[in-house]
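Contents: one structure, followed by commentary.
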Amino acid sequence: MTDVAARATAGFTRQYGEPPAGRWAAPGRANLIGEHTDYNDGFVLPFALSLRTVAAAAPLPGETWTVWSELSGETVTFGATEVAEPGRVTGWAAYVAGVVWALRDAGHRVPGARLAIASDVPLGSGLSSSAALESAVLAALVELGRLDLPTERQPRLAQRAENGYVGAPTGIMDQSAAIRCRAGHALFLDCRDESVEHIPFDLDGAGLAVLVVDSHAPHRHADGEYAARRRSCETAAELLGVPALRDLTVDGLDAALSRLPDDETRRRVRHVVTEDQRVLDTVALLRAGKVREIGPLLTASHASMRDDFEITVPEIDTAVEAALAAGAHGARMTGGGFGGCVLALVDADRADAVARAVSTAYAARGFPAPGHVTVLPAGGATRLD
Ligand code: ADP
Ligand code: MG
């Protein structure tokens, strides 16, 4: 397949009969560690993928927006009425209309535009194609309209598009990663104050790679289960008299757990508190240049998601076990759970062998074949030319 930027350009020219004024790209992301910590005001550590979404765009007079996506093959047009309030544009184009809505709601004069979207980020696999789409469109509109919206404020706005217009209750991680990541680094994000720090994550230099396995598992009851986990955490924080579970520490964990009424809530809290600590430990190791050494933390994170937070599924656990048995230094599910992707830290020259081992384990269990791709940490949203 041709390069994603070339496909966006070709799509634009074919749809609109003229070349775009520019092209803006935003990446998908994988969360290295820190799962279900975001809505507990805690820590996450995502990195951007070399898989990305490209928006080719040109300004249009007036208040009309037209968007075409290679993936749906359709063109959707909307105007000021449709972006006056959420819900009027539905389906995939809602992610684009949501960005226009959020910008206007924040007082920006959004230029009319034509857009053509192409993407290498798989949809609905937990690699955040939604934030990549929002962030590429946002970057295009900010620059076409010369809007006064510095990079550090863009994640919040893109998140508002998804929460407020699309109606998906996601945290700030995906958009922060798509917009603020730096090549060769992971993004240490404090979800309480949204401060970020770029942590060296030099896989290449260490002879390592991250293998991302797409489990292709159907998302079973993911929305309801996500809401239930969130509720458990909020209820527990209330019972313990803290603003959020982030305010508990591993040292004080046993004392806190003894004040909770049931085993399930105790396990939910234990996951969040130990996961925050694993993020901090991972950051400390990466700062010291000890990349391979983070492997056990990744694997411990997976065990915690499987046993305490109970958000994994058999396909996911199989991928993790097979990767570890084939020599991965660590492996864990990445993303909200109930399907999605697994990431495995592997020696670069073992990536193919580990991927094959996972495929073999899938075949033995009768699961549909998984997808896989080897990734290195890439940079955030950017103009391409
Ligand atoms: P994820 O973000 O993990 O990939 P989501 O369910 O949050 O999964 O977002 C996926 C949705 O985002 C798709 O169903 C589609 O509506 C929209 N989307 C993402 N990328 C594109 C694209 N390139 N073209 C059209 N729609 C897209
Ligand atoms: Mg998403």
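What follows draws every value from the coordinates through simple rules; no lab data is involved. All values reported here derive from a predicted model rather than from experimental measurement. Note that each Cβ is placed from the backbone with ideal geometry, even for glycine, and that neighbours are counted across all protein chains shown.
For ALA10 and VAL242, FRET efficiency with R0 = 56 Å and r from the beta-carbon atoms, rounded to 0.05? Computed FRET efficiency for VAL242 and ALA10 comes out at 0.55. Dipole magnitude for the stretch 204-375: computed about the Cα centre from +1 point charges on Lys and Arg Cβ and -1 point charges on Asp and Glu Cβ, it is near 100 debye. Histogrammed with a bin width of 10 Å, the alpha carbon distances of the stretch 341-385 distribute as 22, 41, 21, 13, 3 percent, first bin at zero. Using every Cα-Cα pair within the stretch 204-375, state what percent have a distance larger than 30 Å. Above the 30 Å cut-off, the stretch 204-375 has 23 percent of its Cα pairs.
Computed from label points 7 Å out along Cα-Cβ, the spacing between THR274 and HIS198 is 3.4 nm. The simple spin-label model puts a point 7 Å past each Cα toward its Cβ; for ALA227 and THR249 those points are separated by 3.7 nm. Working note: Cα gyration tensor of the stretch 297-352, eigenvalues times five, square-rooted, sorted largest first, giving semi-axes of 19, 11, 9 Å. Residue separation of ALA353 and ALA206 scaled by 0.36 nm, minus their Cα-Cα distance, works out to 51.1 nm of gained length. Each stretch of four or more DSSP H residues adds -39500 (n - 2.57); spread over every residue of the chain, this sum gives -12000 deg cm²/dmol at 222 nm.
Restricting the calculation to Cα atoms, every distinct pair contributes to the Kirkwood radius of the stretch 76-218, found to be 16.3 Å.
When the alpha-carbon atoms of the stretch 3-48 are used, the pair Rg, Dmax equals 17.6, 48 angstrom. The modelled label-to-label distance between ASP262 and ALA106, using points 7 Å beyond Cα along the C-beta direction, is 4.0 nm.
Orientation-averaged projection of the chain equals 18.8 nm² [convex hull of Cα atoms, one quarter of hull surface area].
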